[in-house]
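Here's the structure we're looking at; comments come further down.
The values are calculated or read from the model by the stated rules, or taken from the named source; none is laboratory data. Quick caveat: nothing in here was measured; it's all calculated off a predicted structure. Glycine also receives a Cβ, built like all others from the backbone with ideal geometry; neighbour counts cover every protein chain displayed. Side chains included, ligands, DNA and RNA excluded: accessible areas come from the protein's heavy atoms. Shrake-Rupley method; radii C 1.70, N 1.55, O 1.52, S 1.80 Å.
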Amino acid sequence: MNLAEYETLVFDCDGVILNSNKVKVNAFYQAALPYGEKAANALVDYHVERGGISRYKKFEWFLQEKVKGQAGPNLEELLEAYASIVREGLLTCEIAEGLEELREKTKSASWLIVSGGDQNELRDIFFQRELTRFFDGGIFGSPDTKDFILEREISSGNIKSQSLFLGDSKYDLDSAKKMRLDFMFVSDWSEWENSDSFQKFFKHTIGKLNELNSLGGCSGY
């Protein structure tokens, strides 16, 4: 694979840039726990099956389909509890190794974050963890969906025709396919259990981002 062919690299955040999938799982569970363990586990299952979809949609499903009519936190309260737990985890979780080297090797390409995470939260976390400097194309997230963000940024010319989406979920793959972007699966931190059956749609598979620094066609770019 030759990274030099890409004008834009689009990264998911959780499970790709940050080892934060377990942070999100715990936050969903803890936020929903006032409704009981069974309900909290149901929300976690729903979240894992739909990686990359915003928290807003997941909590709306939870309130409308699983605990409708039961006493407990409303949507705003669930979102606040979730955000508080997530923030602490995002500030301390592992960051993907090799970003500095990869940014240098792909310095002619634009980098973007397109995430299901809250956009304002992401921008604050990336600023505090000194990651903003890598993403000259912008850091984008919910409440806008990934599909909406990708379509908007493609229409504006911020995402070029030769682009690669690096993600860890089926939702990432589906979004890349819709927008005709090449897709690279980042596996080591992923919670996508049946990813093997979709490998024909992957441009390449890596464990973690630092493996890109040793791929053929990357060095010297």
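Couple of notes before you dig in:
- Just one of the listed residues (GLU94, GLU80, GLU88, GLU65) is acidic (Asp, Glu) and in contact with a strand residue (DSSP E or B) (Cβ under 8 Å, 6 or more places away or on another chain), and it is GLU94.
- Answer residue from the range 67-93, given it is part of a loop (DSSP other than H, G, I, E, B) and surrounded by 11 or more Cβ atoms within 10 Å (Cβ to Cβ) and is farthest from the chain's Cα centre (by Cα) among those: GLN70
- Restricting the range 1-51 to residues that are touching a Gly at 6+ places or on another chain (Cβ under 6 Å) and within 17 Å of GLY117 (Cα to Cα), the residue that is surrounded by the most Cβ atoms within 10 Å (Cβ to Cβ): ASP12
- Answer residue from the range 23-66, given it is assigned to a helix (DSSP H, G or I) and among the polar types (S, T, N, Q) and is farthest from SER84 (Cα to Cα) among those: GLN64
- Subset tally (residues that are open to solvent by less than 10 Å² (accessible area, probe 1.4 Å) and over 16 Å from the mean Cα position of the chain (by Cα)) for the range 138-186: 2
- Looking across the range 52-66, the residues that are farther than 13 Å from GLY116 by Cβ and surrounded by fewer than 21 Cβ atoms within 10 Å (Cβ to Cβ) come down to GLU60, TRP61, LEU63, GLN64, GLU65, LYS66.
- Output for the range 187-221, where each listed residue is modelled with pLDDT of 80 or more and in a loop (DSSP other than H, G, I, E, B): SER187, ASP188, TRP189, SER190, GLU191, TRP192, GLU193, ASN194, PHE202, LYS203, GLY207, LYS208
- LYS177, sole failed condition from (1) in a loop (DSSP other than H, G, I, E, B); (2) of a type outside the set (S, T, N, Q); (3) free of Cβ contacts under 8 Å to residues at least 40 places away in the same chain: (1)
- Residue under evaluation SER190, criteria (1) open to solvent by 60 Å² or more (accessible area, probe 1.4 Å); (2) more than 14 Å from MET1 (Cβ to Cβ), criterion not met: (1)
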